[in-house]
1. Quick one: grab the alpha carbon gyration tensor of region 25-134, order the square roots of its eigenvalues as a ≥ b ≥ c, and give me rounded if a/c is under 1.5, else prolate or oblate depending on whether a/b is larger than b/c.
2. Taking chymotrypsin sites (Phe, Trp or Tyr not before Pro) as exposed when DSSP calls them loop (any state but H, G, I, E, B) and at most 12 other Cβ atoms lie within 10 Å, what is the longest stretch of the chain free of them, the sites themselves excluded?
3. Give the shape of region 10-81 as rounded, prolate or oblate, defined through the alpha-carbon gyration tensor: a ≥ b ≥ c are the square roots of its eigenvalues, a/c under 1.5 means rounded, and otherwise the shape is prolate if a/b is larger than b/c and oblate if not.
4. Could you go through region 165-175 in sequence order and give the Karplus-derived ³J(HN,Hα) for each residue, using 6.51 cos²θ - 1.76 cosθ + 1.60 with θ = phi - 60°, rounded to whole Hz, and x for Gly and Pro?
5. Which whole-number value in Å² is the accessible area per residue of the chain, probe 1.4 Å?
6. Once phi is turned into θ = phi - 60°, what whole-Hz ³J(HN,Hα) does the Karplus curve with 6.51, -1.76 and 1.60 give for every residue of region 144-153, x standing for Gly and Pro?
7. Report ³J(HN,Hα) in whole Hz for each residue of region 190-195, in order, from the Karplus equation J = 6.51 cos²θ - 1.76 cosθ + 1.60 where θ = phi - 60°; Gly and Pro get x.
8. Full extension from TYR158 to ARG133: what is 0.36 nm times the residue separation minus their Cα-Cα distance, to one decimal in nm?
Amino acid sequence: MKIKKQTSETFRLGLMLSLVGGFTDAYTFIIRGKVLANAQTGNMVFFALRLIEMKWMKAIFYFLPIAAFALGILIAEFIRKKFMHSKIHWRQVIILIEIMVLLISSFVPKGELNVYVNIAISFVCSLQVQAFRKTRGNISATTMCTGNLRSGTENLYYYITTKNKDFRHAFLTYYGLIIFFMIGAITGSFFSELLAEKALLVCCGILFTVFAVMFKDNI
């Protein structure tokens, strides 16, 4: 008997969400004051460095997206519980929120309001990371590259030593997500230079496709 997969856990959706993850990181770094929307480790480093330099306002500039990311994890779990038995999938609610926030952010001029945009984008990025934690059913993978690199390389080692095709399948999945994250960063850089603040509209298009595809039972 074939096990029915959730559309939200398919590899194709994982690749599209990885594109968005890389895109938003490039966008906030280039357009919104060198903050990383997804990679909070980088923001923590910048935050710590600004503290050492006693540049308090700049430290806060990096701390707020970190706090927003943490808050997003809590809100994602609240949404999951609230919409668990709803006709619309709770992960689609997450995607809708992300689309609305990115759409509004695309019309906010860069400059003094960057801090608010960074908070908003980091918040929805954390919603996405928390909601989409599996790919291909049982592989724990997100749009966070550090964890995927560790897991992918671990599975590569196991495949080399055992020749088990399940490990090959897993490490190719992890590395595929990493590659698409980097493609997203390249794409984000290109459109950020071309469209400036409006570059986020490209992400909205990708996410709308994700939202629509999730109405299907399978891909």
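The values are calculated or read from the model by the stated rules, or taken from the named source; none is laboratory data. All values derive from a computational prediction rather than experimental measurement. Glycine also receives a Cβ, built like all others from the backbone with ideal geometry; neighbour counts cover every protein chain displayed. Quick note on the areas: whole protein, heavy atoms, side chains included, nothing else; ligands and nucleic acids left out. Shrake-Rupley method; radii C 1.70, N 1.55, O 1.52, S 1.80 Å.
1. Prolate shape, in that a/c is at least 1.5 and a/b is the bigger ratio.
2. For chymotrypsin sites (Phe, Trp or Tyr not before Pro) (loop position, at most 12 other Cβ atoms within 10 Å), the longest site-free span of the chain is 108-214.
3. Oblate is the answer for region 10-81, as a/c is 1.5 or above yet b/c matches or exceeds a/b.
4. Here the 3J(HN,Hα) series is 5, 5, 5, 4, 4, 5, 5, 5, 5, 4, 5 Hz.
5. 54
6. 8, 5, 4, x, 5, 5, 4, 5, x, 5
7. 4, 6, 5, 5, 7, 10
8. Stretched out fully, the TYR158 to ARG133 stretch lengthens by 6.8 nm.
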